[in-house]
Amino acid sequence: MFKRIPGTKDILPNEAAAWQKMEDTARNIFSLYNYRQIRLPLIEDASLFNRSLGESTEVVQKQMFLIRKEKDCYALRPEGTASVVRAYLENSLDRTEGFVKLYYTGAMFRMERPQKGRLRQFHHIGCEAIGSEAAQVDVEIIALADDLLKAFSVTGYEIRLNSLGCPKDKKGLVEKLRRYLKDKNDKLCQDCQERLKINVLRVLDCKNPACKETVAGLDIEDDRLCLECKEHFSIVKDGLELLGIAYKLSPHLVRGLDYYTRTVFEATHPDLGSQDALGAGGRYDNLVEELGGPRLGSCGFALGAERVLLASSLKPEAENTDLIYAIALTEEARKLTLRLLDDMRKAGIRCDSDYSGKSLKGMMRSANNAGARYVLIIGEDELKRSGVTLKDMSSGEQKELRTEDLPSELMRNVKIQNPK
Ligand code: HAM
């Protein structure tokens, strides 16, 4: 027996209904905000992520699934932002469209230690607004994330907000942190001792209690931001207040990817345990330029679909189209059934049969399990009369229909819900 790789999931049909509902809902809400869908490859040149996310980030250092082929090195995408910017530039959208709003849904891959809410293959519902430095775009992005979570029936989450400032401000914070932590090496967890050398900002949002306590004493004031970044952040905060979106200022929120500048945010949920981020995002004003394009401000976020489903009470709707189930009692009837089902499907009527040759009672049970509204019984008598017996599964009422143009016969005799 083969088993799935740890950290991957089989989404079986009864769970898939919730996924479909979530994806349909997301499509509607993205459209309200005028985002258009972009579909991108699952594999990219690994160096795209090294350059975008940063060589020293944990995703690049430890979590990429790499495929080497001669001189090439590909990566299964660990996130979507870098690919969207790559596609934006490669397809010259900077010249043909300028400011674009794009959304995507799909699988991402990270070689992590699997646990609740932490998978090796997971799914993002994300979006990127590329080509604007306006702070109102940040507000709209956070409002959109908030609207999505509400539409997914998630309650009790918190939006944490911070500004990292421009690269110069970020550098100032790194230096301040380095000075502060200079003689506190032994108070930090093993990972943070590593981070001190390569990615010191991450010490700020480490979940280890000892690290939290160590950095708690560091005063991170808004005055580390330059005038323009401070102004930008004020507009974001005012905008969120204007729209009635609750947020918590979190000066220690730094995010794990290097491309962020200015606004960063995260939506967390207390029921998710240690992996409590439902989604996260922020502004990345240097990435387009970093990947060879012009200087264009951008902003986006991604929700983790599996975590959203863990926290949501989203109820998928039951199938609202009537199912007709054909029961063929003889070999000849089975042959005819194939054609009748084909006629009905072409007329947009949802129908099925298991062609099993079981007893009538056994097949009635199968029809019931399949949720059929009506059954069509085709036995020797029916064949002789070129007809079928139609039975209403709830009332037990029976009628004889002619097989000639069965779809019209059906529509005339019973009201079928939602033929397609
Ligand atoms: P991220 O924070 O790395 O950001 O991922 C976004 C969300 O994906 C997380 O908040 C979490 O819900 C989910 N997630 C991440 N890793 C896993 C995992 N191993 N298992 C299950 N869920 C996971 C990004 O990827 C950025 N690209 C977001 C963004 C878009 N920023 C700007 N634009």
*How many of the residues making up the range 4-28 are among the β-branched types (Val, Ile, Thr) and away from the ligand (no atom under 16 Å from the Cβ)?*
1
*Hey, does the range 389-397 have a residue that's in contact with an Asp or Glu (Cβ under 8 Å, 6 or more places away or on another chain), over 23 Å from GLU319 (Cα atoms) and exposed (fewer than 13 other Cβ atoms within 10 Å of the Cβ)?*
no
_Subset of the range 143-191 (residues that are buried (at least 17 other Cβ atoms within 10 Å of the Cβ) and polar (S, T, N, Q))_ = ASN162, SER163
*Looking only at the range 241-261, and only at residues there that are within 13 Å of ASN162 (Cβ to Cβ) and within 12 Å of the ligand (Cβ to nearest atom), the one that is most open to solvent (accessible area, probe 1.4 Å)*: ARG255
*So which of LEU338, LEU376 ends up being at pLDDT 95 or above, more than 16 Å from the ligand (Cβ to nearest atom) and open to solvent by 10 Å² or more (accessible area, probe 1.4 Å)?*
LEU338
*Quick one: how many residues across the range 275-302 are more than 12 Å from the ligand (Cβ to nearest atom) and either part of a strand (DSSP E or B) or open to solvent by 10 Å² or more (accessible area, probe 1.4 Å) (or both)?*
9
_helices (runs of 4 or more DSSP H) wholly inside the range 354-417 containing at least 2 residues that are polar (S, T, N, Q)_ = 360-369, 406-413
*Do we have any residue at all in the range 16-25 that's part of a helix (DSSP H, G or I) and free of Cβ contacts under 8 Å to residues at least 24 places away in the same chain?*
yes
_Condition check for ARG202: over 30 Å from GLU317 (Cα atoms), in contact with a Lys or Arg (Cβ under 9 Å, 6 or more places away or on another chain) and open to solvent by 50 Å² or more (accessible area, probe 1.4 Å)_ = yes
*Any idea which of (1) open to solvent by 40 Å² or more (accessible area, probe 1.4 Å); (2) under 20 Å from the mean Cα position of the chain (by Cα); (3) more than 30 Å from ALA311 (Cα to Cα) is the one SER47 doesn't satisfy?*
(2)
*If you go through the range 170-191 one residue at a time, do you hit one that is within 25 Å of GLU306 (Cβ to Cβ), in the same structural domain as ASP271 (by TED's automatic domain parsing), in contact with a Lys or Arg (Cβ under 9 Å, 6 or more places away or on another chain) and not aromatic (Phe, Trp, Tyr)?*
no
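The values are calculated or read from the model by the stated rules, or taken from the named source; none is laboratory data. Being a predicted model, the structure only gives us computed values, none of them experimental. Positions of Cβ are generated from backbone atoms using ideal geometry, with glycine treated the same way; all protein chains shown enter the neighbour counts. Just so you know, the surface numbers come from the protein's heavy atoms only, side chains and all, with ligands and any DNA or RNA stripped out. Shrake-Rupley method; radii C 1.70, N 1.55, O 1.52, S 1.80 Å.
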